[in-house]
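So the structure is just underneath, and the comments pick up after that.
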Amino acid sequence: MAYELDRRSAEPSYRQLAALLRAEIQSGRLSPDDALPSISRLQQETGLASKTIQHAIRALVAEGLVYVVPGRGTYVDPGTS
C-alpha cells in the first residue's frame, strides 16, 4: 500500500501515518501478528523522518493495536481481531 500524507494538513504527519496504519489494521488488511512495514520502508514511501514514524508507532502501541519486538519489528496485536 502507498502511504500518502497531506503535507498541507494541520494534522501532524505522525497522526496521519498512524491513521493510515490503523485503517489497515481495522480493515483486516493487516491481520493479528502481521508485521507492519519497517521504518526504513515507511521512510522511503512517506519521506518522513524515522523519529516521526516512531512517534506514529508509539501512538498505535498506546492504543493497544500493535506491539514492538526490539530488533525484529512491529506487529499487529493479536487482541485486535
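The values are calculated or read from the model by the stated rules, or taken from the named source; none is laboratory data. Remember, it's a predicted structure, so these values are computed and weren't measured experimentally. Cβ placement follows ideal geometry from the backbone for every residue including glycine, while neighbour counts extend to all protein chains displayed.
Are any residues in segment 25-46 over 16 Å from residue 67 (Cβ atoms) and either touching a residue at least 12 places away in the same chain (Cβ under 8 Å) or not small (Gly, Ala, Ser) (or both), and if so, which ones? Within segment 25-46, 26, 29, 41, 42, 43, 44, 45, 46 meet the criteria.
Just checking, which of 23, 10, 35 is aliphatic (A, V, I, L, M) and either more than 11 Å from the chain's Cα centre (by Cα) or on the phi > 0 side of the Ramachandran plot (or both)?
Numbers: 23 fails: either more than 11 Å from the chain's Cα centre (by Cα) or on the phi > 0 side of the Ramachandran plot (or both); 35 fails: either more than 11 Å from the chain's Cα centre (by Cα) or on the phi > 0 side of the Ramachandran plot (or both).
Within the list 23, 10, 35, the selection yields 10.
Considering segment 5-19, the residues that are in a loop (DSSP other than H, G, I, E, B) and free of Cβ contacts under 8 Å to residues at least 12 places away in the same chain include one that is farthest from residue 58 (Cα to Cα), namely 8. Scanning segment 44-68 for residues that are part of a loop (DSSP other than H, G, I, E, B) and not aliphatic (A, V, I, L, M) returns 47, 63, 64.
Quick check: is even one residue across segment 69-78 touching a residue at least 24 places away in the same chain (Cβ under 8 Å), touching a Gly at 6+ places or on another chain (Cβ under 8 Å), surrounded by fewer than 18 Cβ atoms within 10 Å (Cβ to Cβ) and assigned to a helix (DSSP H, G or I)? Steps first, please.
Start the filter on segment 69-78 by keeping residues that are touching a residue at least 24 places away in the same chain (Cβ under 8 Å), which leaves 73-78.
From what's left, touching a Gly at 6+ places or on another chain (Cβ under 8 Å): 77.
Remaining after also requiring surrounded by fewer than 18 Cβ atoms within 10 Å (Cβ to Cβ): 77.
Restricting the remaining residues to those that are assigned to a helix (DSSP H, G or I) gives none.
No, segment 69-78 has no match at all.
Scan segment 17-25 and give yes if some residue there is in contact with a strand residue (DSSP E or B) (Cβ under 7 Å, 6 or more places away or on another chain) and of a type outside the set (Ser, Thr, Tyr), otherwise no. Yes: one or more hits.
Yes/no per residue for (1) of a type in the set (Val, Ile, Thr); (2) within 20 Å of residue 32 (Cα to Cα); (3) modelled with pLDDT of 95 or more:
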| site | (1), (2), (3) |
| --- | --- |
| 45 | no, no, no |
| 53 | yes, no, yes |
| 71 | no, yes, no |
| 75 | no, yes, yes |
| 79 | no, yes, no |
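Being in a helix (DSSP H, G or I) and in contact with a Ser or Thr (Cβ under 9 Å, 6 or more places away or on another chain) is the filter; apply it to segment 25-38 and report the residue that is farthest from residue 75 (Cα to Cα).
The initial filter retains those residues of segment 25-38 that are in a helix (DSSP H, G or I), namely 25-27.
Filter once more, so that each one left must be in contact with a Ser or Thr (Cβ under 9 Å, 6 or more places away or on another chain): 25-26.
Working: 25: 10, 26: 14 Å.
Taking the candidates together, the pick is 26.
Check 41, 22 and return the single one that is in a helix (DSSP H, G or I), over 14 Å from residue 75 (Cβ atoms) and in contact with a Leu (Cβ under 7 Å, 6 or more places away or on another chain). Break it down stepwise before answering.
Values: 41 fails: in contact with a Leu (Cβ under 7 Å, 6 or more places away or on another chain).
Exactly one residue qualifies, and that residue is 22.
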